[in-house]
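Read-outs: derived from the displayed coordinates by stated rules, not from any lab. These numbers come from a predicted model, not from an experiment. Backbone-built Cβ (ideal geometry, glycine too); neighbour counts: all protein chains shown.
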Amino acid sequence: MTDNFHFRVLLYYQYVSIDDHRTMAQKHLNFCKELGLRGRIVIAPEGINGTVSGTIEQTDRYIAHMHADPRFADMWFKSDLVPDHVFKKMFVRARNEIVTLDWEETINPNETTGQYLNPVEFHRMLQRDDVIVIDGRNDYEFEMGHFYNAIRPDVRSFKAFPEWIEQKLSDKKTAPILTYCTGGIRCEKLSGLMLKQGFKNVFQLHGGIDAYRKDPKVKGDLFEGKCYVFDDRIGVPVNHVNPTVITHCKHCGVVTDRFANCAHLDCHTRFYVCEDCERKFRRSCSSACAEAEHHEWNVADTASL
Ligand SMILES: [Zn+2]
Ligand SMILES: [Zn+2]
């Protein structure tokens with residue numbers, strides 16, 4: 001089925017010290033544009049985090065270029081074949097952190113991070129009844145899909161984790177803790193944070209859900225729903241053993257994983273919607289939004305979802 005997929009999406013990160021990250025960001029943007037890549041890359045003094053799409057040749061050249069730099073020589077590029085670009089533009093941003101935690105102490109995952117588990121080890125530990133499984137992503141990512149026994153952290157952004165952990169888990173300092181996120185980058189910090197907060201037994205899924213869904217042994221088993229991704233695909237299948245859909249149409253409640261942004265431009269809320277309700281409510285999250293002005297929807301758009 002993927003034989004005629006001549007594009008590739010790359011997902012990668014590296015925690016490594018980068019001097020003059022602003023200059024690097026500027027140069028890197030030019031380089032990516034010259035190659036013809038599209039996507040989003042963040043560069044900070046603590047490292048690089050990126051997801052880009054391009055042809056197989058373009059992405060091969062990008063990987064070779066990065067691996068030739070001693071700082072990124074070991075960088076793990078996770079990839080998917082796709083029929084076309086999954087981004088519209090190329091952005092490279094200079095930031096203070098690649099994963100913004102903004103905590104009282106700096107977490108350097110090269111010094112402090114949880115023990116890595118490969119997908120097979122993670123799959124095994126997931127089924128123990130003494131583990132606490134923490135989803136290291138945001139609530140809307142959790143909603144689309146997650147491991148069956150994961151706790152949904154009540155956080156709207158990564159910065160809210162330290163406080164949430166202190167409040168909810170402070171009596172679980174010796175329990176085995178499993179953390180996971182999309183590609184592994186957030187758990188490097190989240191598990192490091194938990195160690196600094198006094199947790200003794202902290203593990204992380206190395207390579208995240210992305211590595212887990214591609215592992216030939218576990219085949220995404222024990223994951224419910226799809227994995228939210230930050231590109232045009234929105235969600236990707238994970239579980240090839242027993243796939244399920246766990247989301248519902250906001251209007252009629254039917255099971256669906258069709259996802260849209262409210263067409264009322266001042267709302268733009270993310271929601272799940274079945275095909276019938278999308279038409280009926282003009283791809284709006286509510287009747288009020290459907291009737292609002294400043295609304296962008298036409299029937300032809302429906303097919304693209
Ligand atoms: Zn519906
Ligand atoms: Zn709305």
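Data table
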| read-out | value |
| --- | --- |
| For the range 259-302: Kirkwood Rh in Å [reciprocal of mean 1/r, alpha carbons] | 9.9 |
| The chain: radius of gyration over Cα atoms, expressed as a fraction of 2.2 N^0.38 Å | 1.04 |
| Sorted by Cβ neighbour density within 10 Å, fewest at the top, the residues 257, 102, 210 | 102, 257, 210 |
| Centre separation in Å (Cα based) which lies between the range 1-39 and the range 117-166 | 28 |
| DSSP beta bridges in the chain [antiparallel fraction, %, rounded to 5] | 65 |
| Choice from 251, 240, 294 showing the highest fluctuation, given a GNM over the chain with Cα pairs closer than 10 Å | 294 |
| Backbone HN-Hα couplings from phi across the range 107-112 [Karplus 6.51/-1.76/1.60, Hz, Gly and Pro as x] | 9, 9, x, 6, 9, 9 |
| Choice from 32, 267, 249 showing the highest fluctuation, given a GNM over the chain with Cα pairs closer than 10 Å | 267 |
| Selected from 57, 224, 97 as most flexible by GNM, with the chain as the system and alpha-carbon contacts under 10 Å | 57 |
| Burial ordering of 218, 245, fewest other beta-carbon atoms within 10 Å first | 245, 218 |
| Normalised contact order of the range 1-150, rounded percent, pairs of Cα under 8 Å and 6 or more residues apart | 29 |
| Kirkwood Rh, Cα atoms: Rg over Rh of the range 7-94 | 0.93 |
